[in-house]
Amino acid sequence: MSDKPELYNSKEYKISQRAYTLECMFEYFISLLVADAFIAKLLKYFGASDALCGVISSFISLSFLFQIFSVIVMGRIRNTKKTAIIFHTAAQFLFSCLYLIPFLPVDNGARRIIFIIGILAAYFGNYFVTNLIYKWGNSFVDPHRRARFSSTKEMVSLFSGMIVSLALGYAIDKLDESGDLTHGFLLSSVCMFVFCAADFICLMCIKNDNREKKPEKPPKLSEIMKNTLGNKDYVNTVILKCLWWGAIYVTIGFLGTYKQDELYYTLAQIQIINIAGCAGRFVLTILFGRFSDKHGFVKGIQLALIVAAAGFAVNIFTAPGTRWLIIVFILLYNISLAGTFQNMINISYAFVDVKYFVQAAALKDCIAGLFGFICALLSGRLLAAIQENGNTLFGIPVYAQQVQSAISLIFVIAALIFAQVTLSHKKTMIQ
């Protein structure tokens with residue numbers, strides 16, 4: 001990778017940078033509609049329980065296992081652009097079809113099964129090429145400004161996502177109030193098809209990475225393993241991500257129904273709260289980017305983990321009588337994502353040769369994804385047990401989401417300490 005500033009400032013590279021930024025924005029729009037309260041609304045329509053809603057919402061973590069296939073075949077891919085577009089576009093199209101399931105002439109049990117198969121297939125296509133697209137898009141970015149570029153890209157997605165989520169949340173609420181919720185699902189699907197088309201156009205505008213076409217011999221699996229799982233520093237980044245995702249998947253997937261059923265927020269109100277959180281993330285994300293470029297990705301993650309710990313600590317006390325605390329939690333949690341989301345990916349550049357970046361990122365996501373999903377399954381069983389007990393634990397009145405937040409807090413503290421002990425003092429690479 002060249003370090004010449006004029007190359008990264010060339011017209012061709014600038015077009016690719018902008019196209020990649022917009023592609024991430026449209027992909028983000030679709031991800032908003034298959035997460036949190038939106039997906040909980042659809043699953044509740046199918047008659048799913050709170051525990052099942054939380055587990056299904058956490059499928060995103062299990063879906064990262066699909067990236068294991070990229071470890072095997074990535075070295076044999078000669079046309080980055082073609083491969084990325086085929087799998088990514090197919091995945092976004094499948095996501096768009098999820099909101100058409102209510103119109104199928106089958107019972108709710110069959111709809112739930114079709115939904116699970118559909119969302120897993122969509123995530124397979126999406127995550128099979130996620131790291132390929134990430135490396136491809138970032139190949140046009142100055143490595144000395146990568147964290148700042150990631151922050152700017154994230155700000156574009158966040159700002160526009162606020163408008164999209166609020167508008168759709170308000171529209172679906174109105175249709176639901178009028179007894180026409182299925183038309184709200186249809187509206188969601190149509191919007192997602194539009195976003196899918198725009199995403200495709202953006203990918204087409206990114207310059208093909210011709211370097212992938214060179215007739216190089218793909219690395220052997222043993223070589224990949226030696227430079228990833230055989231690298232102690234890399235393994236520590238995997239453990240760090242496992243701890244962070246354990247914190248996320250113990251709680252986050254179960255808040256969608258909690259906000260609506262126990263805290264009595266409407267879908268539009270939930271989107272306003274989410275927008276407040278995104279606004280906080282939007283304001284601070286560029287500062288996290290600059291901080292991470294100056295002090296390193298590990299320090300950026302640590303700073304974000306401190307904010308996340310404060311958020312989960314607050315959420316322990318969130319209940320119907322103190323439902324406003326969920327606003328504080330959402331704000332702090334989203335701010336923490338400004339420092340963890342991109343840095344957890346970029347940290348692979350710091351400890352692994354860029355030649356193995358895609359495989360390293362895929363392996364890390366697979367392992368952390370499996371760990372996160374196991375955490376979600378156990379957390380779902382805990383939620384079901386507490387609810388069956390009349391919202392009590394050991395005779396103490398409590399909501400399951402409060403207990404889940406306490407467990408998440410423990411995970412975050414463990415991640416913070418682990419990063420300090422194993423990674424904060426390590427020498428990093430710039431590539």
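The values are calculated or read from the model by the stated rules, or taken from the named source; none is laboratory data. Remember, it's a predicted structure, so these values are computed and weren't measured experimentally. Here Cβ is always computed from backbone atoms with ideal geometry, including for glycine, and neighbour counts include all displayed protein chains. Accessible surface areas use protein heavy atoms only, side chains included; no ligands, DNA or RNA. Shrake-Rupley method; radii C 1.70, N 1.55, O 1.52, S 1.80 Å.
What fraction of the Cα pairs in segment 110-214, stated in percent, has a spacing above 18 angstrom? Of all Cα-Cα distances in segment 110-214, 68 percent exceed 18 Å. For segment 273-431, the equivalent ellipsoid derived from the Cα gyration tensor has semi-axes of 32, 19, 13 Å, listed largest first. According to the calculation over all Cα-Cα pairs in segment 344-431, the P(r) per 5 Å bin from zero is 3, 12, 15, 16, 15, 12, 9, 8, 6, 4, 2, 0 %. In this structure, the residue pairs whose Cα-Cα separation is over 24 Å, taken from Lys220/Lys426; Lys81/Lys299; Lys232/Lys299; Lys232/Lys364; Lys220/Lys294, are Lys220/Lys426; Lys81/Lys299; Lys220/Lys294. Against the empirical 2.2 N^0.38 Å (N residues), segment 225-364 has a Cα radius of gyration ratio of 1.18.
Residues of segment 272-305 with the amide nitrogen closer than 20 Å to a label point 7 Å from the Cα of His425, along Cα-to-Cβ, please. Answer for segment 272-305: 295-303.
Here the calculated FRET efficiency for Gln387 and Phe317, from their Cβ-Cβ distance with R0 = 22 Å, stands at 0.70, rounded to the nearest 0.05. Compared with the alpha-carbon gap, the fully stretched path from Ile374 to Ile306 is longer by 22.0 nm at 0.36 nm per residue.
Roll a 1.4 angstrom probe over the protein heavy atoms and tell me the percent of accessible area of the chain that is carbon or sulfur. C and S atoms contribute 69 percent here. Both radii are taken from the alpha-carbon atoms of segment 199-305; with Rh as the Kirkwood radius, Rg/Rh is 1.10. Can you grab the distance from the C-alpha centre of segment 114-176 to the C-alpha centre of segment 229-278, Å, no decimals? The distance from the Cα centre of segment 114-176 to that of segment 229-278 comes to 15 Å. Packing, as the average of other Cβ atoms within 10 Å across residues, places the peptides 284-294, 341-351 in the order 341-351, 284-294, highest first. Per residue, the average separation of C-alpha pairs within less than 8 Å and at least 6 apart gives the chain a relative contact order of 27 percent. Accessible area per residue (1.4 Å probe, heavy atoms of protein chains only) ranks Trp324, Trp136, Trp245 as Trp324, Trp245, Trp136, with the largest value leading. Solvent-accessible surface of segment 280-403, taken per residue with a 1.4 Å probe and all protein chains present: 39 Å². Using a probe of 1.4 Å, the accessible surface attributed to Lys174 totals some 100 Å² when neighbouring protein chains are kept in position. Between 0 and 90 degrees, the angle of helix 232-251 with respect to the longest Cα principal axis of the chain falls at about 20 degrees. For Val106 and Lys355, the FRET efficiency from 1/(1 + (r/R0)^6), where r spans their Cβ atoms and R0 equals 45 Å, is about 0.40. Considering helices alone, the calculated mean residue ellipticity of the chain at 222 nm is -25000 deg cm²/dmol, with DSSP H runs of length four and up weighted by -39500 (n - 2.57) and normalised per residue.
Within the full protein context, the accessible area of Val283 is estimated at about 90 Å² for a probe radius of 1.4 Å. What the Cβ-Cβ distance of Asp233 and Ala276 gives, at R0 = 45 Å and to the nearest 0.05, is a FRET efficiency of 0.75. In the chain, a dipole from Cβ-located charges (positive for Lys and Arg, negative for Asp and Glu) runs towards its positive end, and of Tyr349, Ile407, Leu94 it is Tyr349 whose Cα lies farthest in that direction. The simple spin-label model puts a point 7 Å past each Cα toward its Cβ; for Glu6 and Lys220 those points are separated by 4.3 nm. The candidates Thr152, Thr318, arranged from most to least accessible area with a 1.4 Å probe in the full protein assembly, appear as Thr152, Thr318.
Among residues other than Leu104 with Cβ under 12 Å from its Cβ, the summed charge is +1 (Lys and Arg +1, Asp and Glu -1).
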